[in-house]
Structures are given as structure tokens and as C-alpha cells.
Amino acid sequence: KLDLRGQRYEEAMTNVDRYIDAAILAGYPSVTLVHGKGTGALRKGIVAYLQQNRAVKHFEFAPPNAGGNGATIVYFK
């Protein structure tokens, strides 16, 4: 789980990129990115990044009891 709450957009996107790469190398089947709800700018950036990443099988917002649209669960191929 990577908690991005409170980070600036550029810093958060760099951390997402590094975290995803490390998770793939470690062989994780999925990870959770906690971005919070806020203005939605970070969520939109993460969605755009995940749509372009070839290693991502699919992603979805967490269930309501696990953060809802304030967290994204990412599944790898």
C-alpha cells in the first residue's frame, strides 16, 4: 500500500512510478494506491498513468469500507 495523501502532484506521480516498478519486480499480484479524495487531480493523474502502463491488467476504486474512490487497487498481468 502506497499512501500519497498530502503529496504534491509531481512528487506523488514519481512515487507511483517507482512503487509500481518495485511491485512488479517483487512479483506482487496487486497493490493499493491511497490518494485521498480532495480535488481529484491526483486521482485523475493516477488513472491516466495506469491506463498507459502495459504491466497493469486492470484497476478499480477500493470498496467503500476500504477508502472508496480515495484509493485505487491495481492488478498486474
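A simple rule links phi to the HN-Hα coupling: the Karplus curve 6.51 cos²θ - 1.76 cosθ + 1.60 with θ = phi - 60°, which for the range 62-77 gives 5, x, x, 7, 10, x, x, 7, x, 9, 10, 9, 10, 10, 9, 6 Hz, with x for Gly and Pro.
The per residue volume of the convex hull around the alpha-carbon atoms of the chain is 78 Å³. Dividing the summed -39500 (n - 2.57) terms of all DSSP H runs of n ≥ 4 by the residue count of the chain sets its mean residue ellipticity at 222 nm at -13000 deg cm²/dmol. Just to verify a number: FRET efficiency for Glu10 and Ala55, C-beta to C-beta distance, R0 = 22 Å, to 0.05? Here the calculated transfer efficiency is 0.50.
Suppose all protein chains stay in the model; what accessible area per residue would a 1.4 Å probe give for the chain, in Å²?
On the way: 4890 Å² over 77 residues.
Heavy-atom accessible area per residue stands at 64 Å².
Measuring nothing but protein heavy atoms, the accessible surface of the chain at 1.4 Å probe radius is 51 percent carbon and sulfur. The DSSP beta bridges internal to the chain are antiparallel in roughly 85% of cases.
With a cut-off of 8 Å between alpha carbons and a minimum separation of six or more residues, what is the relative contact order of the chain in percent?
Working: 102 pairs, mean separation 26.2, N = 77.
Relative contact order for the chain comes out at 34 percent.
Here the spin labels are modelled as points 7 Å beyond Cα on the Cα-Cβ line, and at Asp3 and Asn65 they lie 2.1 nm apart.
By accessible area of protein heavy atoms, probe 1.4 Å, what ranking do Leu50, Leu25 get, highest first?
Numbers: Leu50 5, Leu25 155 Å².
Highest to lowest solvent-accessible surface, that is Leu25, Leu50.
The values are calculated or read from the model by the stated rules, or taken from the named source; none is laboratory data. Source: prediction; values computed, not measured. FYI the Cβ positions are ideal-geometry reconstructions off the backbone, even for glycines, and counts take in every protein chain you see. For accessibility, only protein heavy atoms count, side chains too; no ligands or nucleic acids. Shrake-Rupley method; radii C 1.70, N 1.55, O 1.52, S 1.80 Å.
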